[in-house]
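Participant: Take a look at this one; I'll ask things after.
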Amino acid sequence: MGSQKLKLLSLTIQGAVQGVGFRPFVYRLATELDLKGWVNNNAQGVAIEVEGNASQLHLFQERLQQEKPARSQIHSMISAWKEPLNYQTFEIRESSNNSHKKTAVILPDIATCDDCLREIFDAANRRDRYPFTNCTNCGPRYSIISALPYDRHNTTMQHFQMCADCEAEYHNPLNRRFHAQPNACPRCGPHLELWNRDGKVLATGDRALLETAEAIRLGKILAIKGLGGFHLVVDAANLEAVTQLRKRKHRPHKPLALMYPNLESIQTDCQVSEVEAQLLRSPEAPIVLLQKLPHNNRLNLISPNNSCMGAMLPSTPLHHLLMADLQFPIVATSGNLSDEPICIEHQEAIANLGNIADLFLLHNRGISQPVDDSVVRVISDRPVLFRRARGYAPSPIIISSLAPKGRKSKNILALGGHLKNTIAFSISNSIANSIVISQHIGDLETLKSFEHFQRIINQLSEAYEFHPEAIACDAHPDYLSSQYAQQLSQSLQIPLIPVQHHYAHVLAGMADNQLKPPVLGIAWDGTGYGTDGTMWGGEFLKVTDSGFERVAHLRKFKLLGGDKAAKEPRRVALGLLWEMLGDRLWNRDLAPLQAFTVAELAIFKTLLTKQSDIPQTSSMGRLFDAIASLLGICQIASFEGQAAIALENLCYAANTAESYKLNIKFDVKNQGEIDWSPLIQAILEDRKTEIALETIAAKFHNTLVEAIAIVAKQIGIEQILLTGGCFQNQYLTERAMYKLQQAGFKPYCHHQIPPNDGGIAAGQIMAALTSTSLSQRAVGTRHCRV
């Protein structure tokens, strides 16, 4: 090092720096620059002490940030100069579990890298056809971790003792498996077994995989344990097998995702843009919603009455090997019963899926965190996450620029909503603030799903040693998540902060886009508890530093049967038509009326005539349902969003920029209401004159785009955010974004946080962090019972 004065640089690095080969990278860089010292993992991230002369150390810092591993992210780097200790070597030290707050990022699972892929298809390689091959650049992370720091003894790989060869790789700084925690091979790692429904082992190892492929060829339904849980798998081209799967799983219409052997095979069935191709081949490897090629009738049973379908590529060595053997697409749908979490345990799978699957392909690597496949759709040439799970969760969302200034951020636990539930919590340190959002948990409709929800809260809290100082939840008093929040609040004696549903939607989108107020949030979805005690869902919210104001909304209408109407568009249409036509309704020859029996109509007539206590809603999602019913394309839905999806799909066959007349009224306080009655009347006229359904559907969507533009101009806020489940609709969202841009606004939609209720928890965190006092009982609510 010459005569230059020796200095010691201490670095504390936070971010996605564990499980991505960061320590080996630091080791190689320090060795190349002839620096001495050490690096290790700790509960905050990575700690480094490095000695050398000043110029070497500055170069080390520069290259550390410029050349870091591709999957790593540095959120903060704190440096300090200390007195040198005269280290003699540079080494990777054992991880330290200090007493500081755990803020290290738990990395999502990463799809198989090209190097590992070559090895599993190389007959001369010791990992040839080994389905659990991984390295520092790929493989399981979140699904196997139980605690921080990310070390083998804190994962489900702790039970597998590495053989001499794997041990040598693990300790070789020049090997890409240097400190790869899940490192394994056929001699020392997990293995496969093929079971029947009685739990009898039929085959092991590679023979189990080969027999699984043969069973799929023969039309059998397989339950296959993957990275974060089970898939139910059949040959996608075997109509009898697909029909049987739908029947056994009680899933008559909901689209099924397909796994393809390669990108070229996807392109024979679907249109694939460059952005979509990048997503399919990305380390996240999500399910990507793609437009089916026209006249591809063989996919009708996979995605009925839908111009889109979900496609993915293999993301683990197991799936790569299986698809290479099969060379045709397979259905790969979540291995669970309706409204229950995905199965991860062997006996649980046998018990729950035994009436669905014929055979079970299992392995003995434990799953600590159940993780579904993520779902993405490209809207306006950018990915939008619909389901945030494998490959994405629990990567944090950085909110440092949005956090309140001059006030210490609190530890907030947010418990989300009722449907598409996720939970979230805030992590703060002296440099960065972030939100950690859990993987997709699902609908809290059953006891098992509620128990799963509680497990995820406990597991993530334990991994991070997270202790909440306040709990945020949805303002709806009857949601299980809200009731559980109240129990936790009371037992921990910390503040409870209910947050209005659509306000949370808007704040989630603002966090996703790093937006500061003022923002006009357009929150359209199926339902959310409003501040007036009614169900909202067609909202325009003006968000400022002090909260929100509801500046416009859809005109309310009656919701026959309350929650039951969400599954029966015919009920929604009936309530809406009654508002408009009154007793004249019963003499009309309309599709919603034809969907009921005479006896049922008599009951509804009595209810409506007597003006019984029928709930009212301003929901845009329910308006979509009503239009689908009026057009006769969906009267009873077997899955959430079925009617709206069918309506959107009609639009792509139309070619019209026409729209219907709208009546939008603003009062003296500049409060707006969108009156849907002229729209409905015009649609009834078009139906009467037999205008094509495709044209009506497109005109309906175009009318909503006009409504957005009219309200935006009236309110006059430049930043406009589109949020809520209705903006999963590509046709609507892209046209609204374009219309707003042309009018001089800056429109935004979601990307990393789902626009649906999977993003609610993130918005609840933002509401709690920006509220004036964490002791307050509610944010954006008035008539909530808590």
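Participant: How far apart, in nm, are the 7 Å Cα→Cβ label points at K746 and D563?
Facilitator: Computed distance between label sites K746 and D563 equals 4.1 nm.
Participant: Ok, one more. What's the FRET efficiency of D545 with Q487 using the Cβ-Cβ distance as r and R₀ = 30 Å, to the nearest 0.05?
Facilitator: FRET efficiency, D545 to Q487: 0.40.
Participant: Continuing with this model, one more query. Taking the alpha-carbon set of segment 1-140, what are its Rg and Dmax in Å?
Facilitator: Just the Cα atoms of segment 1-140 yield Rg and Dmax of 17.2, 55 Å.
Participant: Distance from the Cα centre of segment 48-91 to that of segment 479-519, in angstrom?
Facilitator: The two parts, judged by their Cα centres, are 39 Å apart.
Participant: Can you return the aspartates and glutamates within cross-link range of K254? Criterion is Cα-Cα under 18 Å, with same-chain partners fewer than 8 residues away left out.
Facilitator: D235, E240, D339, E340, D372, D373, D443, E445, E568, D625, E640, E648
Participant: Just from the alpha-carbon atoms, what are the Rg and Dmax of segment 441-536 in angstroms?
Facilitator: Just the Cα atoms of segment 441-536 yield Rg and Dmax of 15.0, 41 Å.
Participant: Let me ask you something else. So how tilted is helix 22-32 from the main axis of the chain? Cα-based, degrees 0 to 90, rounded to 10.
Facilitator: That works out to roughly 40 degrees.
Participant: Taking H as built 1.01 Å from N, whose amide H comes closer than 5 Å to the amide H of A552, not counting residues under 5 places away?
Facilitator: F540, G672
Participant: Given the pairs K567/K739; K661/K713; K699/K739, which span a C-alpha to C-alpha distance of over 21 angstrom in this model?
Facilitator: In this structure, K567/K739 lie more than 21 Å apart at Cα.
Participant: Quote to one decimal, in nm, the extra length available between F121 and W81 on full extension: 0.36 nm per residue of separation minus the C-alpha distance between them.
Facilitator: Length gained between F121 and W81: 9.5 nm.
Participant: Quick check: residue separation of Q267 and T656 times 0.36 nm, minus the Cα distance between them. What number comes out in nm?
Facilitator: 137.2 nm is the gain from fully extending Q267 to T656.
Participant: Next question. Taking Cα atoms, how many degrees apart are the long axis of helix 598-609 and the longest axis of the chain, rounded to 10 and kept between 0 and 90?
Facilitator: Helix 598-609 and the main axis of the chain meet at about 90 degrees.
Participant: Once the dipole of the chain is set up with Lys and Arg at +1 and Asp and Glu at -1 on Cβ about the Cα centre, which of T527, A324, G45 lies farthest towards its positive end?
Facilitator: T527
Participant: Fully extended, how many nm does the chain gain between N670 and Y738 (0.36 nm per residue separation, minus their Cα-Cα distance)?
Facilitator: Result for the pair: 21.9 nm of gain on full extension.
Participant: Please give the per residue accessible area of the chain, computed with a probe of 1.4 Å over protein heavy atoms only, in Å².
Facilitator: On a per-residue basis, 39 Å².
Participant: Enter the angle in degrees (range 0 to 90, nearest 10) between the Cα long axis of helix 760-770 and the first principal axis of the Cα atoms of the chain, meaning the one along which they spread out most.
Facilitator: 80
Participant: Still on this structure, please answer the following. Would you mind checking segment 168-209 for residues with the amide N under 20 Å from a putative spin-label position 7 Å along Cα→C-beta of Q347?
Facilitator: 193-202
Participant: What are the ³J(HN,Hα) values, in whole Hz, obtained from phi via the Karplus relation 6.51 cos²θ - 1.76 cosθ + 1.60 with θ = phi - 60°, for each residue of segment 161-173 in sequence order, with x given for Gly and Pro?
Facilitator: Those phi angles translate into 7, 5, 6, 4, 5, 5, 4, 5, 4, 4, 9, 9, x Hz.
Participant: What aspartates and glutamates could a cross-link reach from K558, if we take a straight Cα to Cα line under 13 Å and drop same-chain neighbours fewer than 8 places away?
Facilitator: E579, D613
Participant: If R₀ is 30 angstrom, what is the calculated FRET efficiency for the pair Q714 and R382, using the beta carbon separation as r and rounding to 0.05?
Facilitator: The value I calculate is 0.60.
Participant: Using a basic spin-label model with each label point 7 Å from the Cα along Cα→Cβ, how many nm lie between A168 and Q454?
Facilitator: Output for this residue pair reads 5.1 nm.
Participant: Can you run phi through the Karplus equation (6.51, -1.76, 1.60; θ = phi - 60°) for segment 730-737 and list ³J(HN,Hα) in whole Hz, with x for Gly and Pro?
Facilitator: 5, 4, 5, 5, 5, 6, 5, 4
Participant: Suppose every K and R has +1 on its Cβ and every D and E has -1 on its Cβ; what is the size of the dipole of the chain about the Cα centre, in Debye to the nearest 20?
Facilitator: For the chain, the charge dipole is close to 1080 debye.
Participant: Using a 1.4 Å probe on the protein chains only, how many percent of the accessible area of the chain belongs to carbon and sulfur?
Facilitator: C and S fraction of accessible area: 48 percent.
Participant: While we're looking at this one, here's another question. Can you give me the orientation-averaged projected area of the convex hull built on the Cα atoms of the chain, in nm²?
Facilitator: So the mean shadow area of the Cα hull is 35.6 nm².
The values are calculated or read from the model by the stated rules, or taken from the named source; none is laboratory data. This structure is a prediction, so every number in the text was calculated from the model and none was measured. We place every Cβ from the backbone using ideal geometry, glycine too, and count neighbours over all the protein chains shown. Calculation scope for accessible area: heavy atoms of the full protein, side chains included, ligands and nucleic acids excluded. Shrake-Rupley method; radii C 1.70, N 1.55, O 1.52, S 1.80 Å.
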